[in-house]
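First up is the structure itself, then whatever we jot down about it.
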Amino acid sequence: MSRILKLALPLCVFSFLSGRAQLLTPEKAAYNHADSLRGSVGPERAWWNLLKYEIQVTPDFSEKSVRGSNAISFVALSEGQTLQIDLQEPMRLVSATWRKKPLTFTREGNVFHVRFPRKVKAGSTETVMVQYEGVPRAAVRPPWDGGWIWARDAQGRPWMTVADEGLGLSCWLPCKDHLYDEPDSGVVMHITCADSLVGIGNGRLQDKKANGNGTMTYTWVVTSPINSYDIIPYIGKYVNWSSVFDGMKGKLDCNFWVLDYDLEKAKPQFKQADTMLRAFEYWMGPYPFYEDSYKLVEAPHLGMEHQSNVAYGNHFANGYLGRDLSGTGWGLKWDFIIVHESGHEWFGNSITDKDAADMWVHEGFTNYTETLYTTYLYGEEAGNDYCIGTRKNIDNDKPIIGIYGVNKEGSGDMYYKGGNMLHMIRQIVGDSAFRGMLHGLQSTFYHKTVTTQEIEAYMSEYAHKDFSKIFDQYLRTTKIPVLAYQSNGDMISYRWSNCVKGFNMPVKVYVGGLPEQWITPTDEWQTMKAGTAGQTLETPQLDLKSLSPVGQATGGRANPRGSGPGILTVGATGNGSAGDENFSVDRNFYIVVRKQG
């Protein structure tokens, strides 16, 4: 790529339909009480904290129905008498019992209000058993337009699972269906199916039992907290093999489940899981669920980040269904679903947003794991190419932060724009510090639910740099900031426009024939002298010695930039992104550069 692009255009191209991010909840002109019940923490949710689910599920392929039970254990945080239990129509709650006595309940759309005969005292630990049955919503276009998937494999045998992110676990199971609360002690799932098939759940297989009536029950156990949309059964003619990954916390059991006729295709492709784990542990820290194992499961849809139970449907090929979403060629060198969906184990599963409006925490970071993986394997410029290439998929249609309290995420730009925002922050702090920041996020918010404010504050505090204006600009507006400049002899004037008030993101620039330098524009004009060859400008008041990097990369992969106090030695990217021969900006910044006057 040439160093200078003469046109003052955004550093993106708005095309490539197949690369567009798919939203998981439909757009609405207005939100109602039902949306608030689904998406807010009302009084019938707030007083109790989930401890554990013990689920029994028996699907009937011919009837496209499911039935079973869920023992919901919780601790009362305050005194309360009524539980909100979510179960979407047309599913039915058959019964609810507590201490072997029936409870009364009433239905309000997709919610059941389950009432105790007396108030439950604060601090009390209780279990409510609910029985359910019905014909759940069938998926239309999984995994995006989700529900139960009633498929047949290539040999005509039943193949069943669920994809319900956004839609919600309550599309088939009575539960507390909100991201803010996860069962602290995990889930036990008993899957009953025909004895010619295999049932797979999250975590580890604890038991399988022949029922003497042509069915088998498989019991799977998750010991870690788990968000509701990750709780998934798969049923099909599966076979499996295992391996052990020697990771940062010791030996990690890895299990791979595929349809019997796909075994030989899957084995070489799934070797990428080992490389993925090694790359992601380097960048982000230990895999978050050693206790529950790592698992890839072939699914009758493209893929989803089900915790310790990752759904895979990418046809055992590299790319995204054979395509490179960046258009650079780098995305064809690895399997998108193995990399992206597994990246969610760190961001989405271990660190989970409290409200769907903050879904960028899942998708922005996980999108950026694709760049980090490419960098780890093929070097810094390959990673830069990949990340920059994905800008063609950004729409800038609406803010990335969604609407709080109604289960509504923001723009699909949370993927590519979110990833490019993180890429710019990485340029500002350097690779070593950025890696330390990711490790720190994972240790600080390990197995927790979070808000975007917590993530934003942590990143700023870790870097000793206020990133709030960057977050406001890229998460809360659709504006691409414009770096305006003027040339007057050997003087350059510059400022930010089309930006939030106080926007002050530092950028790397080329001035004349000088090496790459840092400047810190604001929304007020500043002037600098072009200087003389070999001059290096100081970085924007960033104390790199205080950033506690977690170590140096080796083997020619992901070499950290870093250096002495007040000076940032930048990588040799070899080109600027936009401007002219007098003033141009490094291509790693997603901005518009515009000459004035």
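Structural remarks
- Summary of the geometry: segment 130-182 and segment 353-380, compared by the centres of their Cα atoms, lie 25 Å apart.
- Annotation: the antiparallel percentage among DSSP beta bridges lying fully within segment 230-378 is about 60.
- Accessible surface of segment 185-297 [probe 1.4 Å, protein heavy atoms]: carbon and sulfur percent: 51 percent
- Ordered from longest to shortest, the equivalent ellipsoid semi-axes for segment 165-324 are 24, 21, 17 Å, each the square root of 5 times a Cα gyration tensor eigenvalue.
- Computed from Cα positions, the angle between helix 380-389 and the longest principal axis of the chain comes to roughly 70 degrees.
- By the helix-only formula, in which each DSSP H run with n ≥ 4 contributes -39500 (n - 2.57) and the sum is divided by residues, the chain has a 222 nm mean residue ellipticity of -6000 deg cm²/dmol.
- Projecting the Cα atoms of A273, S62, S196 onto the charge dipole of the chain, computed from C-beta unit charges around the Cα centre, puts S62 farthest toward the positive end.
- Based on protein heavy atoms only, segment 359-450 ends up with 19 Å² per residue of surface accessible to a 1.4 Å probe.
- Here the chain is treated with +1 on each Lys and Arg Cβ and -1 on each Asp and Glu Cβ, and its dipole about the Cα centre works out to around 400 debye.
- Probe 1.4 Å, protein heavy atoms only - accessible area per residue of segment 147-300 in square angstrom: 32 Å²
- Total lysine pairs under 19 Å (Cα atoms) in segment 236-388, excluding pairs fewer than 8 apart on one chain: 12
- Separation in nanometres of the label points that stand 7 Å from Cα toward Cβ, at K267 and T451: 5.2 nm
- Of all lysines in the structure, the ones whose alpha carbon falls short of 17 Å from that of K479, not counting any fewer than 8 places away in one chain, are K392, K398, K417, K469, K501.
- Cβ-defined net charge surrounding V94, 14 Å radius [Lys, Arg +1; Asp, Glu -1]: +2
- Spatially close lysines, pair count over segment 17-158: Cα under 24 Å, gap of eight or more or interchain: 8
The values are calculated or read from the model by the stated rules, or taken from the named source; none is laboratory data. Nothing here was measured: the structure is a model prediction, and the numbers come from that model. So basically every Cβ, Gly included, is an ideal-geometry build from the backbone, and we count neighbours across all protein chains shown. Accessible surface is based on the protein model in full, side chains and every heavy atom, while ligands, DNA and RNA are left aside. Shrake-Rupley method; radii C 1.70, N 1.55, O 1.52, S 1.80 Å.
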